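**Student:** The following block contains the structure, expressed as structure tokens.
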Amino acid sequence: MTYVVTESCIKCKYTDCVDVCPVDCFREGPNFLVIDPDECIDCTLCVAECPVEAIFAEDDVPEDQQEYTALNAELAKIWKPIIEKKDAPADADDWSKVKEKKHLLEK
């Protein structure tokens, strides 16, 4: 099993999760993070660190977010690793409560 970043992360891109990852399995896109399923060791540390509750165990991804499991795997192959916490975008707090953001995902 792996962990999956879901829609809540889009345009928020807080990187608190990156700081606690012992194997550097996060990948960074323009406005979203993903977890590389081949690198994730299922340690669960990132889940508690996500301020927008965007990270779920693969088996616990909400029904309406299931597509993010494949999306994480796909984008992890093309995005570069992120290994250090960065400042969140200036408007991240504004986006943190917005639902249905998939159309805003930049690949």
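Bear in mind that the values in this text are calculations on the coordinates, not laboratory data. As the structure is a prediction and not an experimental result, all values here were calculated from the model. Cβ atoms come from the backbone with ideal geometry, glycine included; neighbour counts cover every protein chain shown.
**Student:** For the stretch 53-76, name all the residues that are in contact (Cβ under 8 Å) with a residue 40 or more places away in the chain, surrounded by 13 or more Cβ atoms within 10 Å (Cβ to Cβ) and not acidic (D, E).
**Tutor:** A54, I55, F56, A57, V61, Q65, Y68, T69, N72, L75, A76, listed by residue number.
**Student:** Of the residues C21, C46, which single one is more than 19 Å from K97 (Cα to Cα), of a type outside the set (G, A, S), in contact with a strand residue (DSSP E or B) (Cβ under 6 Å, 6 or more places away or on another chain) and surrounded by 16 or more Cβ atoms within 10 Å (Cβ to Cβ)?
**Tutor:** C46
**Student:** Within the stretch 48-71, can you find the residues that are touching a helix residue (DSSP H, G or I) at 6+ places or on another chain (Cβ under 9 Å) and of a type outside the set (A, V, I, L, M)?
**Tutor:** Those that are touching a helix residue (DSSP H, G or I) at 6+ places or on another chain (Cβ under 9 Å) and of a type outside the set (A, V, I, L, M): E49, C50, P51, E53, F56, E58, D64, Q65, E67, Y68, T69.
**Student:** Separate question: Looking only at the stretch 4-32, which residues are under 16 Å from A90 (Cβ atoms) and not β-branched (V, I, T)?
**Tutor:** K11, C12, K13, Y14, P30, N31 - these are the residues of the stretch 4-32 that are under 16 Å from A90 (Cβ atoms) and not β-branched (V, I, T).
**Student:** Name the single residue that is farthest from T69 (Cα to Cα) among those in the stretch 1-16 being out of contact with any Pro (no Cβ under 6 Å at 6 or more places or on another chain) and among the β-branched types (V, I, T).
**Tutor:** Out of the qualifying residues, it is T15.
**Student:** If you go through the stretch 24-43 one residue at a time, how many are more than 25 Å from K97 (Cβ to Cβ) and surrounded by fewer than 17 Cβ atoms within 10 Å (Cβ to Cβ)?
**Tutor:** Counting residues in the stretch 24-43 that are more than 25 Å from K97 (Cβ to Cβ) and surrounded by fewer than 17 Cβ atoms within 10 Å (Cβ to Cβ) gives 6.
**Student:** Kindly indicate which of W79, W95 is more than 13 Å from the chain's Cα centre (by Cα) and surrounded by fewer than 20 Cβ atoms within 10 Å (Cβ to Cβ).
**Tutor:** W95
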